[in-house]
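Heads up, the thing below is written out as structure tokens.
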Amino acid sequence: MNPTIKSTDKAAQHILLEQKTFLRRLNGWDWGFALIMTMVAVFSQLHVGHNMDIYEIAILWSSCAASILLGWFFKPLRIFIIISILLAYIGVTFYNGDITHADHFVLKYFLSSQSAIMWQCATIFLGLICYIAGALLTRKNQAPTNTLLGIASVLTWISALAGFTGLLVRWHESYLLRPDAGHIPVSNLYEVFILFLVITALMYLYYESKFAIQKLGGFVLSFMAVVVMFVLWYSLSREAHAIQPLIPALQSWWMKIHVPANFIGYGAFCMSAMLGIAELLAIRNEAAGKKSWLPESQAIEEVMYKAIAVGFLFFTIATILGALWAADAWGRYWSWDPKETWAFIVWLNYAVWLHLRLVAGWRGKVLAWWAVIGLFITAFAFIGVNMFLSGLHSYGEL
């Protein structure tokens, strides 16, 4: 027997023995974060538990467990979650149970829901500028990263923090305005677009840290900037930022889990479309023999594939939850309502995409174009159906 092979096998066995299970890899900071989140959940139940039914209590503790697991999985999220909860609590404290306190300096300019969301919008634009300038600088200096790209990442974190804080404070504001009709802020297009921006930013930041794709930030934030412009238009022209009572169709605890799961899927699909554009540019440069400032097309496609896989998982979960909600509200799981039909088209689109990549072994330009076209299919399913078609889901129109 070859002694080199034997020693290699022993080394491999030694490495396997040294590998730790997931729980063994957790340190004191991880368990401290779990303790903090548990205390937050206990505090929430003690102080607002009288407004919660058994389903909402279950959602509270499920959210606590999900936050802990996400914080263990992506370490920067621990700080993000803690700071956002702390800022929201400060905002709630300044209100002191009275919506007329919104004129307080801290609330008016920083921590009211609308102020925080405006900071979110501003930092997205600033982050986009820094990502574009930083990417151009890497091309000039032939360096993988620079200070501008680092600043862009920080601004993207701040945008997500401001948006999430704004949603938490808005939740409290809804109870201050209508104590008997307060609700989680995912009930209209304005609120879900803010949630979409938060989710997309966090997903991109995760992939940026794992795959070192800072130079692609400009692509993702370009689409987010378009969404911001829509949010600003929607606020100014339709007064969409005003908190309204829930219509009867949305007065269900199913909404609290169906909508967030849906928008994890939407965020992943939209991010994958922007990465598809980046891959097409990278493929063109590689075919022409040009030295590109972009990562290799295969690396971009790998990130795009992982984003679509995550989005497909959550969109599938959201579709199942939607069917259960429909059965609870209308007595049937599926009725081929236009919204349901287009949700199925979106699901089928990405199911075929994943099948072609994983089973048929497709790669490259076709899948990139497919991801880009998928954005238009997803956009029509989300907002186009509400604008041009009518059905049981017509309560979300512009």
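The values are calculated or read from the model by the stated rules, or taken from the named source; none is laboratory data. This one's a predicted model, so the numbers in the text were calculated from it and none came from an experiment. No Cβ is skipped: glycine too gets one built from the backbone with ideal geometry, and neighbour counts run over all protein chains shown. Heavy atoms of the whole protein, side chains included, go into the accessibility calculation; ligands, DNA and RNA do not. Shrake-Rupley method; radii C 1.70, N 1.55, O 1.52, S 1.80 Å.
When you go through Ile124, Ile68, Ile129 one by one, which is the residue that is within 20 Å of the chain's Cα centre (by Cα), over 19 Å from Leu167 (Cβ atoms) and assigned to a helix (DSSP H, G or I)?
Ile68
Please verify whether the range 335-347 includes one or more residues that are assigned to a loop (DSSP other than H, G, I, E, B), of a type outside the set (Ser, Thr, Tyr) and more than 27 Å from Ala249 (Cβ to Cβ).
Looking through the range 335-347, none of the residues is assigned to a loop (DSSP other than H, G, I, E, B), of a type outside the set (Ser, Thr, Tyr) and more than 27 Å from Ala249 (Cβ to Cβ).
Before we move on, is Ala329 in contact (Cβ under 8 Å) with a residue 60 or more places away in the chain and either surrounded by 14 or more Cβ atoms within 10 Å (Cβ to Cβ) or assigned to a loop (DSSP other than H, G, I, E, B) (or both)?
Yes; evaluated as a whole, the condition is true for this residue.
Identify the residue in the range 82-110 that is open to solvent by less than 20 Å² (accessible area, probe 1.4 Å) and hydrophobic (A, V, I, L, M, F, W, C) and, among all such residues, is farthest from the chain's Cα centre (by Cα).
Leu107
Tally time: how many residues in the range 375-389 are under 21 Å from Met224 (Cβ atoms) and surrounded by 15 or more Cβ atoms within 10 Å (Cβ to Cβ)?
The qualifying residues number 10.
Restricting attention to the range 28-54, report how many residues are of a type in the set (Asp, Glu) and at pLDDT 90 or above.
1
Looking at the range 187-242 only, could you name the residues that are part of a loop (DSSP other than H, G, I, E, B), open to solvent by 30 Å² or more (accessible area, probe 1.4 Å) and not polar (S, T, N, Q)?
Scanning the range 187-242 gives Ala212, Glu239, His241, Ala242.
Filter the range 289-324 down to the residues that are touching a Ser or Thr at 6+ places or on another chain (Cβ under 8 Å) and surrounded by 20 or more Cβ atoms within 10 Å (Cβ to Cβ), then identify the one that is nearest to Tyr55 (Cα to Cα).
Gly311
If a residue must be of a type outside the set (D, E, K, R), out of contact with any helix residue (DSSP H, G or I) (no Cβ under 8 Å at 6 or more places or on another chain) and in a helix (DSSP H, G or I), how many such residues does the range 255-312 contain? Working first, answer last.
So the first thing to find is which residues in the range 255-312 are of a type outside the set (D, E, K, R), and the list is 255, 257-278, 280-283, 285, 287-289, 292-295, 297-300, 303-305, 307-312.
Of the ones still in play, those that are also out of contact with any helix residue (DSSP H, G or I) (no Cβ under 8 Å at 6 or more places or on another chain) are 281, 285, 287-289, 298.
Cutting the leftovers down to in a helix (DSSP H, G or I) gives us 281, 285, 287, 298.
Total meeting the criteria: 4.
When Arg139 is evaluated against the numbered criteria (1) closer than 30 Å to His258 by Cβ; (2) open to solvent by 70 Å² or more (accessible area, probe 1.4 Å), which criterion, by number, is the only one it fails?
Condition not satisfied by Arg139: (1).
What about Thr200, is it closer than 28 Å to His50 by Cβ, of a type in the set (S, T, N, Q) and touching a residue at least 12 places away in the same chain (Cβ under 8 Å)?
Taking the combined requirement at face value, the residue does not satisfy it.
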